[in-house]
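Visitor: This is the structure, below, for whatever I ask next.
The values are calculated or read from the model by the stated rules, or taken from the named source; none is laboratory data. Nothing here was measured: the structure is a model prediction, and the numbers come from that model. Positions of Cβ are backbone-derived with ideal geometry, glycine not excepted, and every protein chain shown enters the neighbour counts. To get the accessible areas, we keep the full protein, side chains included, count just its heavy atoms, and leave off ligands, DNA and RNA. Shrake-Rupley method; radii C 1.70, N 1.55, O 1.52, S 1.80 Å.
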Amino acid sequence: MATLKLEIITPTAKVFSDDVEMVTLTGIDGEMGIYPTHMPLMTQLVAGEITARKNGENIFLAVGDGFVQVTGTRVAVLTDMAVRAEDIDKAAAEEALQKAEARLAQKLSDEEAALVQASIAHASAQIKVKQRHQK
């Protein structure tokens, strides 16, 4: 079976790097499925979930905003956050979400507000992915 290389990179680590059969992710224009020999493209990644299929099994990751580059043989994801579903601490994510929402109610500079919004997006993505794929 044909595969493509999926690499998910954050500012601190290469979170995922493996050959997969397909990738599903959400770009700025909506959800897309990417198979080997997909036409080349670049798009903005929206915080949410990436699903990778390897050997008929799905691997789920919560991701933050970022960018995606697709070639016929590779999907490169640069994002500010990526966590495998099984590694998500739902209680910690819920606490982070509550703290960020409380902080948003305060008077913030534009930069602080953007950081808080990113925190909310990260926590929300983790909670949704964990709830959907809880084992």
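Visitor: Can you show me the helix-derived [θ] at 222 nm for the chain, built from DSSP H runs with n ≥ 4 at -39,500 (n - 2.57) apiece and divided by the number of residues, rounded to the nearest 500.
Guide: -9500 deg cm²/dmol
Visitor: Moving on to the next point. Counting only protein heavy atoms and a 1.4 Å probe, tell me what percentage of the stretch 71-135's accessible area is made up of carbon and sulfur.
Guide: Roughly 50 percent, rounded to a whole number.
Visitor: Measuring with a 1.4 Å probe in the full set of protein chains, what accessible area per residue, in whole Å², belongs to the chain?
Guide: With all protein chains present, the chain gives 57 Å² per residue.
Visitor: Follow-up. Report, in listed order, any pair from 5/128; 14/107; 5/99; 14/128 with a Cα-Cα distance greater than 29 Å.
Guide: 14/107; 5/99
Visitor: Right, here's the next one. Any idea what the relative contact order of the chain is, in percent, if you count C-alpha pairs under 8 Å spaced at least 6 apart?
Guide: Reported as a whole number, the value is 23 percent.
Visitor: Now, a different point. Could you tell me which label, among [x] 0.96; [y] 1.09; [z] 1.04, carries the value of Cα Rg over 2.2 N^0.38 Å calculated for this structure?
Guide: [y]
Visitor: Expressed as an acute angle from 0 to 90° and rounded to the nearest 10, what is the orientation of the C-alpha long axis of helix 90-104 relative to the principal long axis of the chain?
Guide: Between helix and principal axis, roughly 50 degrees.
Visitor: Please list 11-21, 101-111 highest first by mean number of surrounding beta-carbon atoms within 10 Å per residue.
Guide: Ranked by mean Cβ neighbours within 10 Å, highest first: 11-21, 101-111.
Visitor: Something else about it: Let's test the formula: R0 of 41 Å, r as the Cβ-Cβ distance of residue 108 and residue 13. What FRET efficiency results, to the nearest 0.05?
Guide: Approximately 0.90, to the nearest 0.05.
Visitor: To the nearest 10 degrees, how steep is helix 110-132 against the longest Cα principal axis of the chain, on a 0 to 90 scale?
Guide: Its long axis makes an angle of about 60 degrees.
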